[in-house]
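The values are calculated or read from the model by the stated rules, or taken from the named source; none is laboratory data. These numbers come from a predicted model, not from an experiment. Don't worry about glycine lacking a Cβ; one is built from the backbone with ideal geometry, like all the others, and counts go over all protein chains shown. What goes into the accessible areas is simple: the full protein's heavy atoms, side chains included, and nothing from ligands, DNA or RNA. Shrake-Rupley method; radii C 1.70, N 1.55, O 1.52, S 1.80 Å.
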Amino acid sequence: MNKLKEIFGGDTRQFGMIFALVFLIVLFQVLTDGLTLDPGNVINIFQGNSYILVMAIGMVLVIIAGHIDLSVGSVAAFAGIVVAIAMRDWGIPWFVGILLGLVIGALVGAWQGFWVAFIGIPAFIVTLAGMLIFRGANQWVGKSNTVPVDESFQTIGAGYLPEVGPKTGYNNLTILIGLLLCAALIGGAVRNRRNQARIGADVGPASVMWIRLGLITVAILAVAMLMASGRRGTSLPISALILGALVLLYGFISTRTIIGRHVYAVGGNRHAAELSGVRSKRVNFLVMMNMSILASLAGMMFVARSNASGPFDGVGWELDAIAAVFIGGAAVTGGVGTVVGAVIGGLVMAVLNNGLQLLGVGADMTQIIKGLVLLAAVAFDVYNKSQGRRSITGLLTQNFGRRATQDTTETVKQES
Amino acid sequence: MRSLTKVMAASAVAALALTGCGRADEETPTDTAGGGASGAAEAFPKDALIGVSLPQKTSENWVLAENLFKDDLAKAGFKADVQFANGGVGEQQNQIQSMVTKGAKVIVIGAIDGAQLGTQVKAAKDAGATVIAYDRLIKNTDAVDYYVAYDNFKVGELQGNALLEGMAAKKPQGPYNIELFAGSPDDANAQVFFDGAMSVLKPKIDDGTLKVTSNQTAFNQAVTQGWKAENAQKRMDTLLSASYASATLDGVLSPNDTLARAIITSVKAAGKPVPVVTGQDSEVESVKSIMAGEQYSTINKDTRNLVKATLEMVAALQKGEKPTVTDDKSYDNGVKVVPANLLEPLIVTKANAKEAYANDPTLSKVTG
């Protein structure tokens, strides 16, 4: 049994979130007679929630830094309508449209970051104002109308990888990406282990690493094969590809770069961080700006998926993103949380939502159940911490072979 | 080491199960693709799943529609999946996708925003389902098969006729002084109502029977932003003081009941006799007003009939027949002209209110 614990990183109970996700998938798979893991449905789950998950990535960094952003839905809607109108009236091509959207996000983010970081107004207030300002801006720019976007732009929200190569019964590119991802993970873990061994660190038994890698590889390949075996013309959605790339990128930034560590340091204990030479204002500014950029991207992905930008896009998204982050093990007080955790938290909500919809549970009950799950997830984490165990968060990071974050949070905790 | 073996075994089983899953579905692409190509016209089993995706649960009409769909689909032997999208467009999109996954043969959609569902109705179409737009047209996609709604142009015509009849009953000989009100410019239906009414009124204006004293006869002059009562009331106040110091106002074309009551309020405040005012929607307050002899008419668009027409369409599709289509020219959604089954709205005045609302539990009390 010890081996099992090591595989899951110390204590099986702390592995709650991934278990919860697996449990939900299995539960709904049984309840829906196998519809949950139907290829089309797996694709839907990713396509229908990628934009929320993209925002959750930005939100977890904001929350780690000790802030909150309530404006993401409005910012997403604002960027969406400006891009839609720019493409319709100025005839700019889709990639210029996307660039324009990201620039708008950056400007909006700089505006909000300025008030938060340099004037020192709590982010709650600044983004509450932003929520009103940019919702109004969306309706003012779009005159409360729905503006359609053309097909080339729709790819980022509704598109799939093309069919190439020999007919294998699967989408070849999807399988290829799955294999590459597995190879990269295995390669990275092996190299990591070798490096650690070289500097004389304790690396643990090799069998544990291999089984852990085996499980992850099986999971990735299973998802890849499911997505690749859907209806012809569907495969890995482009939106999921964007999400995946962002998870890798931000996972790397948050755990392996100086700026990433600084975010944890500022959120854990701002004064201690400043005394250690962290420029906390700069960190706060960047975190807020980054959030708005990702919100704009999410807005554009939604517009692409909806084929049009409407006056009520983004209403309530901030709550979905924040819920994902907290289910994913972040702490309200800041300093704790991971990108991967937030995405898994978002997936728990997504699978729950999808399963309840497949079962035909009404929108009213769905909201009640989602609320209870949010409360239960956070209560579970708080209980665990009060028992002197590490948060789920630390474990997730550990599971990915990256001890850095956890160490940082631990250090910060000790400092405070 | 024994536990290690267990884990190995477990993961191997998991791997097998999952890959098995992938292979089993290998056949599906060709199957569904084949079904999708010819599926629309083919009959499907009598107990098939029918999805109904409705917008936010905000008005009584939608709640009534939900209950009717649930009960009547079940009565007809279908499996019904009726859902509201209280969370907005994103939720409705996911709901429709879920219905596709569950293999719904027909998906009835009352869109929150008809322009934002292109991807989902395409997925439905590709999976071989028939898509029916209910009450609100789904735009900018070729994947919507039918449209069921009340004929909004007809609503306008009926309002125009009611206005003429009402004024003739009060004063047999013209000319009549009238004013025109239209709905909100961001609502596509507002223009249709107005055009319908003007198709009746314009000839009479041209031949001098009707006189629009303010000369505001264009749609953009007559609009009421956001369908707001206060805006209509303000405009009526202005019109009265500007043009009716000495002239009598005989009639007002109002696109709906809320605006009609605002117009009546304004006229009363100015101390003038209440003119003939049209309406629409059968709101309780307006029906009371009609019974009291103030507002002249309203329009009854009974949700029961709309649901009934939709279910008849579903029944026809189930048998592989072509459903009833009354208009295959008017409803261009930007990509294709959607064949529509348009229901005739019913004009209601004091004369026929009792029989018109006989089936309505709330309104029958008001009229009885």
Note: the stretch B:230-352, point scatterers on Cα, Debye, no solvent; log10 I/I(0) at q = 0.13, 0.15 Å⁻¹ equals -0.68, -0.78
Taking amide H positions as placed 1.01 Å from N in the peptide plane, with prolines and chain starts having none, which residues 5 or more places from residue B:343, or on another chain, fall under 5 Å of its amide H? B:149, B:150, B:151
Between the alpha-carbon centers of the stretch B:154-220 and the stretch A:322-338, tell me the distance in whole angstrom. 60 Å
Pairs over 24 Å Cα to Cα, from B:211/B:329; B:57/B:79; B:211/B:234, come to B:211/B:329
Tally of Lys pairs whose C-alpha atoms are under 25 Å apart, taken over the stretch B:100-180, 8 or more apart or cross-chain: 10
Ranked order, A:46, A:380 - accessible area, probe 1.4 Å, largest first: A:380, A:46
Whole-angstrom gap from the stretch A:135-195 to the stretch B:66-92, using each part's C-alpha centre: 32 Å
Here D for chain A, in µm²/s, from Stokes-Einstein with a Kirkwood Rh over Cα pairs at 25 °C and 0.890 mPa s, works out to 111 µm²/s
In whole percent, how big is the carbon plus sulfur part of the accessible area of the stretch A:165-236, probe 1.4 Å, protein atoms only? 68 percent
By how many degrees, between 0 and 90 and to the nearest 10, does the Cα long axis of helix B:229-243 differ from the longest principal axis of chain B? 20 degrees
Relative to chain B, whose Cα atoms define the longest principal axis, helix B:188-206 and its Cα axis are tilted in degrees, nearest 10, by 30 degrees
Between the stretch A:43-74 and the stretch B:262-321, the alpha-carbon center distance in angstrom: 44 Å
Per the 1/(1 + (r/R0)^6) rule, R0 = 41 Å and r from the Cβ atoms of residue B:221 and residue B:321, FRET efficiency to 0.05 is 0.30
Relative to the first principal axis of the alpha-carbon coordinates of chain B, what is the inclination of helix B:303-318, with its axis defined by its Cα atoms, in degrees from 0 to 90 and to the nearest 10? 40 degrees
Bin all alpha-carbon pair distances of the protein assembly as shown at 10 Å intervals from 0 and give each bin's fraction as a whole percent. 3, 12, 20, 22, 18, 12, 7, 4, 2, 0, 0
Just check the stretch A:118-160 against the gyration tensor rule for me: Cα atoms, a ≥ b ≥ c as the square roots of the eigenvalues, rounded for a/c under 1.5, and otherwise prolate or oblate depending on whether a/b exceeds b/c. oblate
Counting helices only, and only those DSSP H runs with n ≥ 4, report the 222 nm mean residue ellipticity of chain B as the sum of -39,500 (n - 2.57) divided by its residues, in deg cm²/dmol to the nearest 500. -15000 deg cm²/dmol
Starting at the first residue of the stretch B:69-84, write each ³J(HN,Hα) from the Karplus equation 6.51 cos²θ - 1.76 cosθ + 1.60 with θ = phi - 60°, in whole Hz, x for Gly and Pro. 4, 4, 5, 6, 5, 5, 4, 6, x, 7, 8, 9, 10, 9, 9, 9
When each pair of different Cα atoms in the stretch A:165-236 is counted once in the 1/r mean, what is the Kirkwood radius in angstroms, to one decimal? 13.7 Å
Roughly how many Å² is the accessible area per residue of the stretch A:165-236, as a whole number, for a 1.4 Å probe? 52 Å²
Pairwise label distance in nanometres, residue B:365 with residue A:90, each label 7 Å out on the Cα-Cβ vector: 5.8 nm
Both in Å, the radius of gyration and Dmax of the C-alpha trace of the stretch A:36-123 are 16.2, 51
Averaged over the residues of A:135-148, the number of partner chain Cβ atoms within 10 Å of each residue's own Cβ comes to 2
Could you tell me the calculated FRET efficiency between residue B:291 and residue A:369, based on Cβ-Cβ distance and R0 = 56 angstrom, to the nearest 0.05? 0.75
Given H placed 1.01 Å from N in the peptide plane, which residues other than close sequence neighbours of residue B:224 have an amide H under 5 Å from its amide H? B:182, B:183, B:184
Setting aside same-chain residues fewer than 8 positions from residue B:319, which aspartates and glutamates have a Cα under 15 Å from its Cα? B:42, B:47
Peptide A:303-310 - average C-beta neighbours from other chains (10 Å radius): 6
Jot down the per residue volume, in cubic angstrom and as a whole number, of the convex hull over the alpha-carbon atoms of chain B. 174 Å³
From phi via Karplus (6.51, -1.76, 1.60), per-residue ³J(HN,Hα) for the stretch B:106-123 in Hz, x at Gly/Pro: 10, 10, 9, 10, x, 6, 6, 9, x, 8, 10, 10, x, 4, 6, 5, 5, 4
Taking amide H positions as placed 1.01 Å from N in the peptide plane, with prolines and chain starts having none, which residues 5 or more places from residue B:84, or on another chain, fall under 5 Å of its amide H? A:363, B:54
Computed FRET efficiency, Cβ-Cβ of residue A:382 and residue A:276, R0 35 Å: what is it to the nearest 0.05? 0.80
Quick check: net charge around residue A:281, other residues with Cβ under 15 Å of its Cβ, Lys/Arg +1 and Asp/Glu -1? +2
On a straight-distance basis, which lysines could pair with residue A:385 in a cross-link, Cα separation under 25 angstrom, same-chain partners fewer than 8 positions away excluded? A:3, A:5, A:370, A:413
How big a patch of accessible area, both sides summed and in Å² to the nearest 100, lies buried between A and B at a 1.4 Å probe? 3600 Å²
Only helical DSSP H runs with n ≥ 4 go in: add -39500 (n - 2.57) per run for chain A, normalise by residue count and round the 222 nm mean residue ellipticity to 500 deg cm²/dmol. -24500 deg cm²/dmol
Mean shadow area (nm²) of the C-alpha convex hull around the stretch B:152-209 is 3.8 nm²
Explain nothing, just compute: Karplus ³J(HN,Hα) = 6.51 cos²θ - 1.76 cosθ + 1.60, θ = phi - 60°, for every residue of the stretch A:184-201 in order, whole Hz, x for Gly and Pro. 5, 5, 5, x, x, 5, 5, 5, 4, 5, 5, 4, 5, 5, 5, 8, x, 7
With a point put 7 Å past each Cα toward its Cβ, work out how far residue B:195 is from residue A:103 in nm, to one decimal. 3.9 nm
